[in-house]
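Since the structure comes first, as structure tokens, the remarks are kept for the end.
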Amino acid sequence: MTQLYPALLILAPLLLGWLLDLWLGDPERLPHPVVLFGKMISRGEKWLNRGRHRKLKGGIMATGLILAVYTVCRYALLEGTSWLGTGFLIAVNTIMVFYCLAGTTLIREVRLVFTALDRSQDNGRRQVARIVGRDTSQLSAQEVRKAALETLAENLSDGVIAPLFWYAMLGMPGMVAYKMVNTLDSMIGYHTERYIDFGCVAARIDDAANYIPARLTALLMILANALFRREWKRTRALLHFTALYGNHHASPNSGWPEAALAGVLGCRFGGPHYYFGEYFPKPFIGKQDRELSTDDVHTAVVLNRGAEALMLAIIVITTLLIWR
């Protein structure tokens, strides 16, 4: 039992926090660290994103915030544990895992898009605008469905698999630091006139932090399709499809989980869009532009939940083997 004690300190908060996310989703009425991160980034951007040397100033702000969050989190956990014991460590880590995972809320939001679209196209456009950065005012019903499913795939990596990966690599401080990385990218990592210099370093850090998780997410989705949908015979074809189209995206990472989902659904994602009033010619992922339906959401949710379960199983087994 003594030998397994470190493993229990790692795994108990992870599993408890994941169960809380599965049960509750994001706590809308409670203070959220990402909201605090957003305010810090917004204030820094308003103060620094002007005049000369914007790339340098943006890089200093991004790296400074990431290192500060990691250092403060690590120090607080060490000091709190020394004063209050391992119960404090487990409790705080559980709460932070809960805050850092976004699987349930993401699925809920995507389902709401399809429900709103059943009422009217305008309702669908307004609902999908909550979860995408593109201009949704002129999207067709098919484009609304595609935007929602693309977001579901992309944010499976950003909102679930990547945080779990960095928890496994660097513990809770690494997981929280990753959330700062991801928040920086979502706020200033755009190729628009305002952010192309200031957010350049933040975007590159996000690319590096998500390089392995994005590809791991695609692989887990394909494995989930084989295990939970019993489509083993398609596995080789899906791996080939994902390898072929994974780089067909403006982002070096987002295309991989999107390609995996497009392959499973037999549909086409991507294409040009407007972001903040600017036109971006994005490549297509896949060739079959078939009409999407609510059944496709059900399939995508199975893949998301299956990928989560597989990632947790990998972490649990690896941790137990290391600390046995």
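The values are calculated or read from the model by the stated rules, or taken from the named source; none is laboratory data. Values in this document were obtained by computation on a predicted structure and should not be read as measured data. Cβ coordinates were reconstructed from backbone atoms using ideal geometry, including for glycine residues, and neighbour counts include every protein chain displayed. With ligands, DNA and RNA removed, areas are computed over all heavy atoms of the protein, side chains included. Shrake-Rupley method; radii C 1.70, N 1.55, O 1.52, S 1.80 Å.
Looking only at the range 150-170, count every residue that is out of contact with any Phe, Trp or Tyr (no Cβ under 7 Å at 6 or more places or on another chain), in contact (Cβ under 8 Å) with a residue 60 or more places away in the chain and open to solvent by less than 20 Å² (accessible area, probe 1.4 Å) and tell me the total.
8
Residue by residue through the range 249-270, note down the ones that are open to solvent by 20 Å² or more (accessible area, probe 1.4 Å), touching a helix residue (DSSP H, G or I) at 6+ places or on another chain (Cβ under 8 Å) and under 20 Å from S186 (Cα atoms).
Selection gives H249, S251, P252, W256.
For A202, which of the numbered conditions (1) in contact with an Asp or Glu (Cβ under 7 Å, 6 or more places away or on another chain); (2) assigned to a helix (DSSP H, G or I); (3) open to solvent by 10 Å² or more (accessible area, probe 1.4 Å) fails to hold?
Going through the list (1) in contact with an Asp or Glu (Cβ under 7 Å, 6 or more places away or on another chain); (2) assigned to a helix (DSSP H, G or I); (3) open to solvent by 10 Å² or more (accessible area, probe 1.4 Å), A202 breaks only (3).
Going by the structure shown, is V181 over 12 Å from the mean Cα position of the chain (by Cα), open to solvent by less than 30 Å² (accessible area, probe 1.4 Å), on the phi < 0 side of the Ramachandran plot and not hydroxyl-bearing (S, T, Y)? Give the derivation first.
On the way: over 12 Å from the mean Cα position of the chain (by Cα): no; open to solvent by less than 30 Å² (accessible area, probe 1.4 Å): yes; on the phi < 0 side of the Ramachandran plot: yes; not hydroxyl-bearing (S, T, Y): yes.
Against the criterion (over 12 Å from the mean Cα position of the chain (by Cα), open to solvent by less than 30 Å² (accessible area, probe 1.4 Å), on the phi < 0 side of the Ramachandran plot and not hydroxyl-bearing (S, T, Y)), V181 does not qualify.
Could you list, in sequence order, the residues of the range 53-111 that are open to solvent by 60 Å² or more (accessible area, probe 1.4 Å) and either closer than 14 Å to W18 by Cβ or in contact with an Asp or Glu (Cβ under 7 Å, 6 or more places away or on another chain) (or both)?
R54, K55, I95
Pairs needed: first member in the range 221-240, within 16 Å of V302 (Cα to Cα) and at pLDDT 95 or above; second member anywhere, of a type outside the set (F, W, Y) and outside any helix (DSSP H, G or I); C-beta distance under 7 Å; at least 6 residues apart or different chains.
N225/E231
Filter the range 305-321 down to residues that are closer than 21 Å to G103 by Cα and open to solvent by 30 Å² or more (accessible area, probe 1.4 Å), then give me how many there are.
Summing the residues that are closer than 21 Å to G103 by Cα and open to solvent by 30 Å² or more (accessible area, probe 1.4 Å) in the range 305-321 gives 6.
Is at least one residue of the range 183-194 within 14 Å of Y99 (Cα to Cα) and touching a residue at least 24 places away in the same chain (Cβ under 8 Å)?
So in the range 183-194, the residues within 14 Å of Y99 (Cα to Cα) come out as 183.
Subset that is touching a residue at least 24 places away in the same chain (Cβ under 8 Å): 183.
There is at least one residue in the range 183-194 that is within 14 Å of Y99 (Cα to Cα) and touching a residue at least 24 places away in the same chain (Cβ under 8 Å).
Answer yes or no as to whether T235 is polar (S, T, N, Q), in contact with a Phe, Trp or Tyr (Cβ under 7 Å, 6 or more places away or on another chain) and part of a helix (DSSP H, G or I).
Judged against the criteria, T235 is not a match.
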